[in-house]
Structures are given as C-alpha cells and as structure tokens.
Amino acid sequence: MAEAAAQSTGLASIAKDWSSDVTTFKGVPWGKAMMWIFLLSDTFIFGIFLTSYMTVRATTAEAWPNPSEVFSLTLFGTTVPLLLIAIMTFDLITSSGTMALAVNYGYRRDKKKAVIFMLATAFFGFVFVGMQAFEWYKLISEGVRPWGNPWGAAQFGSCFFMITGFHGLHVSAGVVYLSIISYRVWRGKYDDTNFEIVEITGLYWHFVDLVWVFIFAFFYLW
Amino acid sequence: MSSDVGQQHPLALYFWIWGLLFVISAGSYLIDFFQVGYDVGTMELRWALILVFMFLKAGYIVAVFMHLKWERLALIYALLLPPGVLMVLVGLMAWEADYTWLTRVVYFGAEVAPQPAPVEHVIH
Amino acid sequence: MAQAEIPYQEAIPLHDPHSWITKYWFSQDHKVIAVQYGITAVAVGLVALVLSWIMRTQIGFPGMFEWITPDIYYQSVTMHGMIMVIYLLTAFLLGSFGNYLVPLMLGARDMVFPFVNMISYHVYFASVIILMLGYLPGMEGPTGAGWTLYPPQAILSGTPGADWGILTMLASLAVFIVAFTMGGLNYITTILQARTRGMTMMRMPLSIWGIGMATVLGLLAFPALFVSAIMMTLDNVLGTSFFMPAISSAGAEHEYEGGSPLLFQHLFWFFGHPEVYIVALPAFGVVSDLISVHARKNIFGYRLMVWAIVAIGGLSFIVWAHHMYVAGMHPYFGFFFATTTLIIAVPTAIKVYNWTLTLWRANIRFTVPMLFAIAFVLTFVVGGLTGLFLGNVIVDVPLSDTYFVVAHFHMVMGVAPILVIFGGIYHWYPKITGRMLNDTIGRIHFWITFIGTYAIYFPMHFLAIPRRYYEYNVGESAILTPSMDILNQSITITAYIVGIAQFLFIYNLIVSYRHGREAGDNPWEANSLEWRTPQTPPVHGNWGERLPTVHRWAYDFSVPGEERDFIPQDVPRKAQA
C-alpha cells in the first residue's frame, strides 16, 4: 500500500497518502513532521504579531516615524538609509546558506563538514543578535522607548521592540539549538541515523530567516 | 528527485539559490535606498516591489532551502493551506483599521498626521 | 524507498521506569501522563466548583455572607470561567483523553516523543500553580476582569487583582500554551505518522478524529492568545499602548494613547472561538464512540461525521466576531460573521442527526456511559439552538450580556462536554484501572447531574437579567421581581446539590480503584484497539512483541450473520467467497 502511494504523483498522491495506513507524510521522520507542525504554529504567532502591528499602525491618527530615516546610519559623513538592517539581512541569508550546506553534507554523511557549517551558521546567528543589540542600543539612546518616542506614534517603539525582540529570541534559541545539535552530531549521537536531525535543525533556522523576510518588508520598508 | 536517503541535491543548486537570495535582498533594500514611491508620492509601485521581492525570497527559502519543493504534495498542502485563515484575519483587520481610523478622526477630532513623520537624529 | 530507512516503531526502545518517581511523577508513559493530567484537571476543577458556589450564593442570597465582597465576586466569576474553559475542559479532553486514547486507539507503543510529552504535563502543572498564585497572601487576589480579560478594564486599577492578579493570569496562560503546544505536537505527529498497520485515517475511531482536529485548532488558535497575553503584559508592565486608548480613571490621566481595545477582542476571539471547538470536537468524537458501542450499532454516516469535524474545524476560524456584535467593530462585519456562524451550524446539526439516527432502532444498553452520552445530545441540542438566536446580529443585540448568553454557553460548552467527560471516565475507567466503577453510585450521580444542570441553566433562558451584576436590588431600586428572586434562589440551591453530587463521583473513583468489580479485558464489548491490549490495565509499551494489525473500522456492531454482535478492529476479514 505504501509503495503504491509513494509512486503516485499529483492530486491523486494527496488522496493516496492521506488514505494510507501507518504514515500520512511518506518518508518524513517523526522529528521532521513535528518540526514542520511546530513551525506552522509559530507562523501563526508571528502572523498575529504582524497583524497586530498592521492594525495599530493603520488605526493610529498620529504620525508614524519614517523607518527609513530612523534606521539610517551615517558613515563618513553620508547618511545611508536602513544600512544596518541591510547588513543584518545579508548576514541572515549567509547563515541560511551555510545551514543549507550543513544539511546537504549531513545527508552525504560528511559529519565534519556538517558540523563546521552548523557552527558557522550559529556564528552568523550570533553576529545577527549582536547587531540587533547594537540597533536596540542606538534607538534607546535616541529616546525610543516601548511607551513612546520623540517622533510620533507611541506604537512605533512598542511594535519595534516586541517584534524584533521576539524574533531575536528565536535567533538566540536557534544559536543555542544549533550549538547543542552540532555538539551531539560531533559526539556521534546520530551516527546510526541519516542525520535528518541536521535537516530538522535547518528547518527551524530557515524559518527564522523566513520570518525576517516578512519583518523586513512590513516593518522596515513600509 | 530525491534519492534513497533524505534530501540530496547537487551543491551547485544551493549556491545558485544562495546567490539569487542575495540579489533579491539587494533588490528589496534598493527599494528603500532609492526611496521608490516617496519620490513620486504614490505607493503602488513601492508596495508591488516590496511584495514581489518578499514573496520571491520567502518562496525560494521555503521551496529550496527547506526542501518543500521536493516533499510530497500531502505535506505541501497540509502546510500551505492553514495560513489561509490567517489571511482572513489580516484582510478583515485591514478593512476594519480604515473604519477605526475614520471614527477616531471623525468623533475624537484627532488630527490627521502627514505620513510619514520626519525624524531627527539625536546622536550618530 | 525512503520510508524503509525510518525504523518502524516496534524497533524503538522505551524508557522504562526504574523507581517510584520515574514511574508515577516523571513518567514517560502516555497512560500515566493522561492520569496525571486528569487528576490535576479535576483538582483544579473542584476549585472552580467552589468558586461557582460563591458567586451563586451572592446572586441567590445577596448580603447573606459579608465576606463575599464585589471583589471576591468578580474574582470568582473570572477564575471560574478561566479554569473551566482552559485548565479543566481543554486540559482534560486533550491532555487526559488525548494522551490516553491516541496511542492506544491507533495501536502505537506511545506518543512519538514521550520525553516532550512528560515535560508537557509538568509545564501544565506549573501553569496551574502560577494561576493560583493570585490567592497567596499579599498578592491581593486574582484578577476580576472576567474570563475574557477585556482591556482597558482588565488593566486599570478599579478592577480587582489589577496589581498582580492580571499578571499571574497572563503568565499562566502563556505557560499553559507552551505546555499545550508540546502535548499537541505529539498528538498530531502520532496521529499522522505513527498509526499501526492497516489503520487508515478513515478507520480511526471518531474520538481520534475529534481529538486530532481539536489539537490542530489548538496549535493554530492558541498563538493568538499567546500574542495577546504578551501584548497585554507589555501594556501593563511597560506602559505600551497596544490595547489601551487614551484614558483617565479615578480622576487621573493615564499615559496610554492610541491603542485599540477592539484589537484585543479580535485576537481574543480569534483564539476564543476555535477554543469552543477545541472543547467541543473531542466531546463530539468521544460521544460518537460511546453511543455506537452502547447502542450496539455502527455510527450512522461515519464519513459524514468525519467531514463534519473537518468542516467545523475549518469554519471555526472565520466566525470569531459573532462574540463582538455590540463591541463597535466595523458595521459590515455583522453580516459576514452572522452568515458564517449560521453555516457552521450545518455540520454541527449533521452530527446531531447522526447521533440520533445511530440510536434509532438500536439495541441500546442503558449503561452509565450511555446515559451520559444521551444526556450530552439533549443538552447540546438545547444549547446549540439558543446559539442560533445569538448568532443573528439583530437578535443578539438585546440578548447580549444577559443570562440568556450564560445559559447558552454553559449548556453548549460547559455542561455538554462535562457530561462527555463523565461518560468517558465511566467508559474507560475499567481499562485504566482494571475495575468497574460502582453502577448504583454512577446512576445516582448521573440523574442528579443531568436533571440538576437542566434545573440550573434552563430557567436562566427566561430569567433575562443582565449578567456580571454583583447585586440587583440596591435599596429602593429593585430591578428584580420577587418571582425572579425565587428563581435565582432555587438555581443556587440546585447548584449546591449538583456540586455535592460530584463528590459522590470522586468517592466512586477512589473506592472502585480498590474495591470495584473486576472488569476483564473488554467489559463493554467494544471494537476499538484500546480494548485489545494483552493486559488490562495496559503495560508500558501497550502491546506485546508485535503491534496489532487493523482490518476494519471500529464500528462493526451487530453485523448480520455473525455469532457475536461486535467484531474488534484487529479481527481479519473473512475471505470473500
């Protein structure tokens, strides 16, 4: 039954997979299925954060500070809009790339390279959190607080600290998660498996990057 | 297609997508760098570009880096359909936000502020 | 083949307990965790019961006890509501029934991640402790904002518990959601990825469908509550203005500006309406199984029942604002949400028809679980019909915030699921402990509970007084007629009696554990896999060397031409002639 289901494609495969026994998601390990479902739930958390942000921003009659100017950096006398945010974005993409390579090497059973790329991912994640801390520091020293800011609607600071803070917590958790898993991979805990644990960790990490795409578009570019 | 064990794809593919993601990110950054929309005063083009780059980037991450493209349709649909209800919430909230804003302006006499507010930096 | 690489669950080792503490406290066995969830939920439910007595005493006999101040009254209302909805009903139906039934009914060894499952219970336990912190001396009591916790009043100082109570409430909810997420991920992954051979989705007992769909709803709806709890905490602690408009209270201007209380209501009900079905769907599923087993008849329209559960699950996300008709939301929303609300009544009605048609001309055994199941259908119909009144904007406006609403939701999602919980406990207690519950006590418990709850909630429909009032007759301005007072008093006295009857049930649970009649493996002659374990009660790992193989659905009762009137799911089909 399972083999017949695995061979079908298209819409028929959906019906066959869902009506088969034992597993619904063919070839998906338990941990990976669980991570995907968790990420779906987490999507709703960030989705509702962003929806709330949209609502308070669209309903406020006060002026909303221009993020392009708020997050600009002045280097060598020229003010570049959103510079730090752009660097953070590129940093996060870099980490996504190294994570993808780690997953690939994991499935090739190249343990050493997988661990190295996971640690590189964790490093870029750490750098991201560091830059975010600098961003918070800069804004706080300019007078932005969760309850108000010098330029306009109080909700600007509230949303900024809440959403980037929650995303930053996810990145930090990801760094810890990556460190633990890479240590365990190195120690040989998963030698009997296909190293799908690397892919599961990778799913989480890519999700964190994914959330940043939406935060970047809706918070910084709006 | 995937081979026996897990997800195995040529490394070149990852490098291509990786590069593409850099290009797309640069694109969405350039929207702000050139102040698209603010220079002419209408935001349609800006929003179109923001959304196109956003969905392109998100799509490539989910499809290739998270390997969803190679998963079976049963999983793909199970993951992509539920956020639809989130879209209902977003749509209704966006619709209602206009109404709330209107009531605030009409009944509370709130002054309509020009968007966006100018920012003066205190320190650099 | 890719899945050949994944070890089948028979090969996966279990964490066997080595000491008392790993066997009964830090246990990774889903059956122990289910009982832990159950005991905690019942214990906290008893607190809610006492709280309901306090508020009924105040309504029936105002001023009789001086210590029931307005603060105590509102705190009791709030805590009663929150405990019943979240910490009793959700925790019991998913945490206890879900944990116990999912692996057993699917023929699995355990949940897919027993360790996460164990943590889930302990985090839930922590959330209960945090919830109760408000009652500690020096905390000035839990919040009295009403279980919906609407800002701005939930945060402002006039509300009891505005200092610590609201914070412990929000923290407890956030912790509960973490616990639920860990448990819920386990249930879903087990249902989707760890069924036994032959167990297709369309052979799963309806209990599993109900529990599974409710868990999906929980995983997608609880984020809304989680996020609003975070935002409300920030409003309270840091003075952000997500939900708080510019406001002055007690003569003082607050620093809040420009927040949207309406946003909280939307987020709360975006969680809150699916929450109704998180409670109702497992009850639907369990009651379908109870009715089928004790009526000795296959469930009428199994496929339709499944699709009704799926349809209700999907629709439950787009009906939320029918709780907000008088909140001042966008005026066009009423049309949209009234329409979707009436649409969701269709699959619900289909389920009621199917239960009724299952009973039609069936060989009904009036066991205690069956009595509770039938009582559920009756109560649910009454509560559901009043929902049609409240779903229509024009009818809802005058009924808002009256005892009509109280009667509606207590019947449909208070009493009805609780009746199923009782029915389920009477049904599965023999499997959990190996002994039957005392039948006589069970029948006394049933009749007092069933008639009593009707006597409490049915009159409320035409009592037609506003709810959440501490006192109706103040000095000259008496707004209740003497007959209304009598009705209120009789409701209160009935509430005492029904409450005391629940201690009869707990007495039954305790005594039967040692002295109940030996149950045997399958006392109800049921078909689903949990009755086919090699041992009763099932041991850790549930099954012997090999997992069972499923050959049929769970509803082969009274099949013509068979010797017995039931054929368990793991009995092979006869070769076709």
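The values are calculated or read from the model by the stated rules, or taken from the named source; none is laboratory data. This is a predicted model, so every value here is computed, not measured. Cβ sites come from the backbone with ideal geometry, for glycine too, and all protein chains shown count toward neighbours. Accessible surface is based on the protein model in full, side chains and every heavy atom, while ligands, DNA and RNA are left aside. Shrake-Rupley method; radii C 1.70, N 1.55, O 1.52, S 1.80 Å.
Within the range A:46-56, which residues are open to solvent by 20 Å² or more (accessible area, probe 1.4 Å) and either closer than 30 Å to A:Val198 by Cα or more than 7 Å from every other protein chain (Cβ to nearest Cβ) (or both)?
Within the range A:46-56, the first condition is being open to solvent by 20 Å² or more (accessible area, probe 1.4 Å), and the residues that meet it are A:50, A:54.
Matches in the range A:46-56: A:Leu50 only.
The single condition among (1) under 17 Å from C:Ala375 (Cβ atoms); (2) free of Cβ contacts under 8 Å to residues at least 12 places away in the same chain that C:Ala501 does not meet is (2). Do the conditions hold for C:Ser27, that is, is it part of a helix (DSSP H, G or I) and either of a type outside the set (Asp, Glu) or closer than 24 Å to C:Phe409 by Cβ (or both)? So C:Ser27 fails the test. The sole residue among B:Trp70, B:Trp47 that is within 15 Å of the chain's Cα centre (by Cα) and open to solvent by 40 Å² or more (accessible area, probe 1.4 Å) is B:Trp47. Note on the range C:187-232: residues that are assigned to a loop (DSSP other than H, G, I, E, B), at the interface with another protein chain (Cβ under 7 Å from one of its Cβ atoms) and either closer than 20 Å to C:Ile291 by Cα or aromatic (Phe, Trp, Tyr) (or both) total 0.
Per-residue answers, yes or no, for (1) at positive phi; (2) out of contact with any strand residue (DSSP E or B) (no Cβ under 9 Å at 6 or more places or on another chain); (3) open to solvent by less than 20 Å² (accessible area, probe 1.4 Å); (4) of a type in the set (Asp, Glu):
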{"position": "C:Phe26", "(1), (2), (3), (4)": "no, yes, no, no"}
{"position": "C:Lys31", "(1), (2), (3), (4)": "no, yes, yes, no"}
{"position": "C:Leu49", "(1), (2), (3), (4)": "no, yes, no, no"}
{"position": "C:Gln58", "(1), (2), (3), (4)": "no, yes, yes, no"}
{"position": "C:Pro62", "(1), (2), (3), (4)": "no, no, no, no"}
{"position": "C:Phe65", "(1), (2), (3), (4)": "no, yes, no, no"}
{"position": "C:Ile68", "(1), (2), (3), (4)": "no, yes, yes, no"}
{"position": "C:Tyr74", "(1), (2), (3), (4)": "no, yes, no, no"}
{"position": "C:Leu94", "(1), (2), (3), (4)": "no, yes, yes, no"}
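Sort out which residues of the range A:148-171 are within 13 Å of chain C (Cβ to nearest Cβ) and either closer than 23 Å to A:Ile116 by Cα or touching a Pro at 6+ places or on another chain (Cβ under 7 Å) (or both), and write them in order of number. Correct list: A:Asn149, A:Gly152, A:Phe156, A:Gly157, A:Ser158, A:Phe161.
Inspect all residues belonging to the range A:93-108 and state whether any of them is buried (at least 21 other Cβ atoms within 10 Å of the Cβ), within 18 Å of A:Phe160 (Cα to Cα), more than 7 Å from chain B (Cβ to nearest Cβ) and not β-branched (Val, Ile, Thr). Taking every residue of the range A:93-108 in turn, none turns out to be buried (at least 21 other Cβ atoms within 10 Å of the Cβ), within 18 Å of A:Phe160 (Cα to Cα), more than 7 Å from chain B (Cβ to nearest Cβ) and not β-branched (Val, Ile, Thr).
All told, A:Gly174 falls short of being more than 8 Å from chain B (Cβ to nearest Cβ) and open to solvent by 10 Å² or more (accessible area, probe 1.4 Å).
Whenever a residue of the range C:15-33 is under 15 Å from C:Asn186 (Cβ atoms), its partners that are among the aromatic types (Phe, Trp, Tyr) and surrounded by 12 or more Cβ atoms within 10 Å (Cβ to Cβ), lying with C-beta atoms within less than 8 angstrom and at least six residues away or across chains, give the pairs C:His15/C:Phe115; C:Gln28/C:Phe115; C:His30/C:Tyr100; C:Lys31/C:Tyr100; C:Val32/C:Tyr24; C:Ile33/C:Tyr121.
If we scan the range C:250-265, do we find a residue that is open to solvent by less than 10 Å² (accessible area, probe 1.4 Å) and part of a helix (DSSP H, G or I)?
Of the range C:250-265, the ones open to solvent by less than 10 Å² (accessible area, probe 1.4 Å) are C:259-260, C:263-264.
This time we only want the ones that are part of a helix (DSSP H, G or I), so: C:263-264.
Yes, that holds for at least one residue.
Report the residue count in the range A:177-222 for those that are at positive phi and open to solvent by 40 Å² or more (accessible area, probe 1.4 Å). Working first, answer last.
The initial filter retains those residues of the range A:177-222 that are at positive phi, namely A:188, A:195.
When the remaining residues are screened for being open to solvent by 40 Å² or more (accessible area, probe 1.4 Å), the result is none.
Selection size over the range A:177-222: 0.
Taking the condition of being in contact (Cβ under 8 Å) with a residue 40 or more places away in the chain and open to solvent by 40 Å² or more (accessible area, probe 1.4 Å), how many residues in the range C:147-166 meet it? Looking only at that region, the number is 4. For first residues located in the range C:529-544 and farther than 12 Å from C:Lys431 by Cα, partners that are of a type in the set (D, E, K, R) and exposed (fewer than 14 other Cβ atoms within 10 Å of the Cβ) and lie 6+ apart or on another chain with Cβ distances below 7 Å form the pairs C:His540/C:Asp16. Name the residues in the range A:17-34 that are surrounded by fewer than 21 Cβ atoms within 10 Å (Cβ to Cβ), in a helix (DSSP H, G or I) and either modelled with pLDDT under 90 or more than 7 Å from every other protein chain (Cβ to nearest Cβ) (or both), would you? Matches in the range A:17-34: A:Gly31 only.
Scan the range C:358-375 residue by residue and report those that are on the phi < 0 side of the Ramachandran plot and open to solvent by 70 Å² or more (accessible area, probe 1.4 Å).
Within the range C:358-375, the subset on the phi < 0 side of the Ramachandran plot is C:358-360, C:362-375.
Once the filter is applied, which keeps residues that are on the phi < 0 side of the Ramachandran plot and open to solvent by 70 Å² or more (accessible area, probe 1.4 Å), the range C:358-375 yields C:Trp360, C:Asn363, C:Arg365, C:Phe366.
Each residue in the range C:97-141 was checked for being closer than 30 Å to C:Ala194 by Cα and part of a helix (DSSP H, G or I), and 24 of them qualify. Each residue in the range A:206-222 was checked for being over 17 Å from A:Phe44 (Cα atoms) and either at pLDDT 95 or above or of a type outside the set (Ser, Thr, Tyr) (or both), and 5 pass. B:Pro114 meets all of the listed conditions (1) part of a helix (DSSP H, G or I); (2) modelled with pLDDT under 90; (3) over 20 Å from the mean Cα position of the chain (by Cα); (4) not acidic (Asp, Glu) but one, namely (1).
Applying a threshold of 8 Å to beta carbon distances and a minimum spacing of six or more residues, or different chains, the list of pairs starting in the range C:436-456 at a residue that is over 24 Å from C:Val382 (Cα atoms) and touching a residue at least 24 places away in the same chain (Cβ under 8 Å) and ending at one that is acidic (Asp, Glu) and open to solvent by 30 Å² or more (accessible area, probe 1.4 Å) reads C:Met436/C:Glu518.
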